[in-house]
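The values are calculated or read from the model by the stated rules, or taken from the named source; none is laboratory data. Note that this is a predicted model, so its numbers are computed, not measured. Here the Cβ is made from the backbone with ideal geometry for all residues, glycine too, and neighbour counts use every protein chain on show. Side chains are part of the model used for accessible areas, which takes the heavy atoms of the whole protein and leaves out ligands, DNA and RNA. Shrake-Rupley method; radii C 1.70, N 1.55, O 1.52, S 1.80 Å.
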Amino acid sequence: MKLKLLAGSLALALCSSAFAAHVPEGVELAEQQTLIWGVSGEVPTLDPTKSSDTASNKIISDLFEGITSRTPSGDIAPGLAKNWEVSEDGLTYTFHLREATWSDGEPITAEDVVYTLQRAVDPATAAPYAWYLGTANILNATEITDGHKPASALGVKAVDDHTIEFTLVRRTPYFPNMLTHSSTYPVPKHAVEKYGDNWTRPENMVNSGAYNLTNWVINERIDLERNPMYWNDKETVINKTSYVTSSDANAEYNRYRTGEIDVTFSFPLESYKKIKQERPDEFLTMPSLATYYYLFNTEREPFNDVRVRKALAYAIDRNVVTDIILGQGQQPAYSATPPAINNFEPPKLAWAEMTQEERYQKAKELLAEAGYSKDNPLEFELVYNTMESHKKLALTVTSMWKRHLPVKVSLANQEWKTFLQKVLQKDFDVARDGWNGDYNEASTFLSYFSSKGMNKSNWSNPEYDKLLDQALSVVDPEKRKAYYQEAERIFAKEMPAIPMYFYTRSVIKSPKVGGYNTENPNNLRYTRNLYITKN
């Protein structure tokens, strides 16, 4: 009986897709609604609770729906929750779930939400984003991840099947925004408990989003098909979408040129100007909520010495990096938070105001003070994941370091999964890092380096933590901004990571792919909002 219902629903969905409200009037849709994405590197997981990388999150956001979601322009929107309200003191949020089902027809309930978030903070799960619920200020989240309280103590409860109540320990005005992140997407309790770690296999996966997983070939491709049980399926147009993996920018761009890929974020840097000139209508450059870093392991000598960290940070000419090596509109970074973020402007920092020659000179002085010289050079390893752009940048930066400082740097290039594991286990000296904002507010960048954050640098500063806490105590965005600016000053003084540049996002997109918003600074573009035109 269920099979008949699914087949009938699918037929209805396919017929109605041409009438989706977000397709402009007069646009003629292609008969075949199939979209192929290029993905750099292998996808480590499709379990929302265990994901921490951009590639996984993109696919997960096609497979699952959050409690809240985003419009194509990046604004907060209802997701599985149709609406919500907050108490006068800002400490209690109540979300009301819509009538929606998992892909197997089972109802999505408040108990699934409670189960998901308790699973996320439970140390036994080892979720890389467990810290995130602590920075969202959910009651007892940090105490649970620290092992001091059971997961059942988390400040999330099911009032009834369709009502969830969150209790926060302090006012968090952007809390609904935080629930758009894939690490908070509800997962199906019945499927996870039945299949364990194998629940994300195509034959076992149960999901809530616009698409179902049909095929996963490691290091090759992931295929999805439209989910007729999705609550808003009538607005979906694309029927099939695939993600083709590659760690070679030239190979991925060639796949685009031959029509094997419709959208790619990866292309040879040296071809940027040529591609932009040859394909002006296909090459899109957009603002981005992301910062590129080199991360220090501050618990490992000599990077527990701030003089060493600052010397290496100062001895990099960021204008060469952004204008010559990258050349795609990226901006030099001297702070953690990018300028595209809402309600924020970076403070004036002394090292950012220096000339590059002054920074070089200061770097030499600092490293000499730390005891390093030609006879006793600083030796360390810089690790990065396989990608031509990371390699090119690492070679450029190490050349700058060697030209101006007594250092010996070895480079280690690793495949994405190996690299990710190495960094998460904090088994490195200096590592390439990048942070994409989880929501459009400065705290998403600053809380990353808090004692409660993901903080792969092992750095901790009580005053920094206090400033982030104080920022939450005020409703006025201007007052909150002042606290964030002071936190940035501490970051610059301590330098737990080297901010290199603020990203722009360059995308090469086939003209037949419609609905791709170019103003949204958030990285995610849901496939369900896109469509394929006839010409």
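Applying the criterion of being of a type outside the set (Phe, Trp, Tyr), out of contact with any Asp or Glu (no Cβ under 6 Å at 6 or more places or on another chain) and assigned to a helix (DSSP H, G or I) to the residues of the stretch 334-356, the residue that is surrounded by the most Cβ atoms within 10 Å (Cβ to Cβ) is 352. Checked against (1) within 21 Å of residue 420 (Cβ to Cβ); (2) buried (at least 23 other Cβ atoms within 10 Å of the Cβ); (3) not hydrophobic (A, V, I, L, M, F, W, C), residue 129 passes all but condition (2). Per the conditions (1) touching a residue at least 24 places away in the same chain (Cβ under 8 Å); (2) within 27 Å of residue 160 (Cα to Cα); (3) open to solvent by 10 Å² or more (accessible area, probe 1.4 Å), the sole criterion not satisfied by residue 95 is (3). Scanning the stretch 511-530 for residues that are assigned to a loop (DSSP other than H, G, I, E, B), out of contact with any Pro (no Cβ under 9 Å at 6 or more places or on another chain) and open to solvent by 20 Å² or more (accessible area, probe 1.4 Å) yields a count of 5. One residue is enough: does the stretch 362-373 have a residue meeting the conditions in contact with a helix residue (DSSP H, G or I) (Cβ under 9 Å, 6 or more places away or on another chain), among the hydroxyl-bearing types (Ser, Thr, Tyr) and within 15 Å of residue 309 (Cβ to Cβ)? So far as the stretch 362-373 goes, yes, one or more of its residues are in contact with a helix residue (DSSP H, G or I) (Cβ under 9 Å, 6 or more places away or on another chain), among the hydroxyl-bearing types (Ser, Thr, Tyr) and within 15 Å of residue 309 (Cβ to Cβ).
Take the conditions over 21 Å from residue 128 (Cβ atoms), at pLDDT below 95 and buried (at least 22 other Cβ atoms within 10 Å of the Cβ) and apply them to residue 38. Does it pass? For residue 38, the condition - over 21 Å from residue 128 (Cβ atoms), at pLDDT below 95 and buried (at least 22 other Cβ atoms within 10 Å of the Cβ) - is met. Meeting the requirement of 3 or more residues that are touching a Pro at 6+ places or on another chain (Cβ under 6 Å), the helices (runs of 4 or more DSSP H) wholly within the stretch 51-156 are 110-121. Within the stretch 380-396, the residues that satisfy the criterion of being out of contact with any Ser or Thr (no Cβ under 9 Å at 6 or more places or on another chain), closer than 15 Å to residue 296 by Cα and not small (Gly, Ala, Ser) are 383, 384. When the stretch 371-398 is filtered for residues that are part of a loop (DSSP other than H, G, I, E, B) and surrounded by fewer than 18 Cβ atoms within 10 Å (Cβ to Cβ), the ones remaining, listed by number, are 371, 373, 374, 375, 376, 377, 386. Only one of the numbered conditions (1) open to solvent by 10 Å² or more (accessible area, probe 1.4 Å); (2) touching a residue at least 12 places away in the same chain (Cβ under 8 Å); (3) more than 21 Å from the chain's Cα centre (by Cα) is violated by residue 149, and that is (2).
Contact map, the stretch 246-270: first residue within 13 Å of residue 55 (Cβ to Cβ) and at pLDDT below 90, second residue hydrophobic (A, V, I, L, M, F, W, C) and open to solvent by less than 70 Å² (accessible area, probe 1.4 Å), Cβ cut-off under 6 Å, separation 6 or more or different chains; pairs are 265/507; 266/249. The number of residues in the stretch 258-268 that are closer than 18 Å to residue 36 by Cβ and surrounded by 15 or more Cβ atoms within 10 Å (Cβ to Cβ) comes to 7.
What is the residue count in the stretch 269-308 for residues that are open to solvent by less than 10 Å² (accessible area, probe 1.4 Å) and either on the phi > 0 side of the Ramachandran plot or not hydrophobic (A, V, I, L, M, F, W, C) (or both)? Even if it seems obvious, please write down each step before you answer.
The initial filter retains those residues of the stretch 269-308 that are open to solvent by less than 10 Å² (accessible area, probe 1.4 Å), namely 275, 286, 288-297, 303, 308.
Filter again for either on the phi > 0 side of the Ramachandran plot or not hydrophobic (A, V, I, L, M, F, W, C) (or both), leaving 288, 291-294, 297.
Qualifying residue count for the region: 6.
State the number of residues belonging to the stretch 231-255 that are in a loop (DSSP other than H, G, I, E, B), closer than 22 Å to residue 515 by Cα and open to solvent by 10 Å² or more (accessible area, probe 1.4 Å). Step through it out loud before you land on a result.
Going residue by residue through the stretch 231-255, those that are in a loop (DSSP other than H, G, I, E, B) are 231-232, 236-239, 247-248.
Now drop any that are not closer than 22 Å to residue 515 by Cα, which leaves 231-232, 236-239.
Within this subset, residues satisfying the condition of being open to solvent by 10 Å² or more (accessible area, probe 1.4 Å) are 231-232, 239.
Of the residues in the stretch 231-255, 3 are in a loop (DSSP other than H, G, I, E, B), closer than 22 Å to residue 515 by Cα and open to solvent by 10 Å² or more (accessible area, probe 1.4 Å).
Filtered by the rule that a residue be basic (Lys, Arg) and buried (at least 18 other Cβ atoms within 10 Å of the Cβ), the stretch 401-456 gives 432, 452, 456.
A quick yes/no check of all residues on (1) over 28 Å from residue 320 (Cα atoms); (2) among the small types (Gly, Ala, Ser):
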site: 468; (1), (2): yes, no
site: 475; (1), (2): yes, no
site: 488; (1), (2): no, no
site: 498; (1), (2): no, no
site: 502; (1), (2): no, no
site: 510; (1), (2): yes, yes
site: 514; (1), (2): yes, yes
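Residues checked against (1) in contact (Cβ under 8 Å) with a residue 60 or more places away in the chain; (2) over 22 Å from the mean Cα position of the chain (by Cα):
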{"site": "453", "(1), (2)": "yes, no"}
{"site": "460", "(1), (2)": "no, yes"}
{"site": "470", "(1), (2)": "no, yes"}
{"site": "475", "(1), (2)": "yes, yes"}
{"site": "494", "(1), (2)": "yes, yes"}
{"site": "502", "(1), (2)": "yes, no"}
{"site": "509", "(1), (2)": "yes, no"}
{"site": "514", "(1), (2)": "yes, yes"}
{"site": "518", "(1), (2)": "yes, no"}
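Are any of the residues in the stretch 3-14 at pLDDT 50 or above, touching a helix residue (DSSP H, G or I) at 6+ places or on another chain (Cβ under 8 Å) and either over 30 Å from residue 247 (Cα atoms) or buried (at least 20 other Cβ atoms within 10 Å of the Cβ) (or both)?
Quick first cut of the stretch 3-14, residues at pLDDT 50 or above only: none.
Checking the stretch 3-14: not a single residue is at pLDDT 50 or above, touching a helix residue (DSSP H, G or I) at 6+ places or on another chain (Cβ under 8 Å) and either over 30 Å from residue 247 (Cα atoms) or buried (at least 20 other Cβ atoms within 10 Å of the Cβ) (or both).
Would you say residue 222 is surrounded by 22 or more Cβ atoms within 10 Å (Cβ to Cβ), in a loop (DSSP other than H, G, I, E, B) and aliphatic (A, V, I, L, M)?
no
Across the stretch 311-329, what is the number of residues that are in contact (Cβ under 8 Å) with a residue 40 or more places away in the chain, open to solvent by 20 Å² or more (accessible area, probe 1.4 Å) and closer than 13 Å to residue 500 by Cα? First the steps, then the outcome.
Within the stretch 311-329, the first condition is being in contact (Cβ under 8 Å) with a residue 40 or more places away in the chain, and the residues that meet it are 311-318, 320-322, 325-329.
Add one more test, that the residue is open to solvent by 20 Å² or more (accessible area, probe 1.4 Å), and what stays is 317, 320, 325, 327, 329.
When the remaining residues are screened for being closer than 13 Å to residue 500 by Cα, the result is 317, 320, 325.
Going through the stretch 311-329 one residue at a time, the tally reaches 3.
Taking the criterion of being of a type in the set (Asp, Glu) and open to solvent by less than 70 Å² (accessible area, probe 1.4 Å), the only residue of the stretch 156-205 that qualifies is 165.
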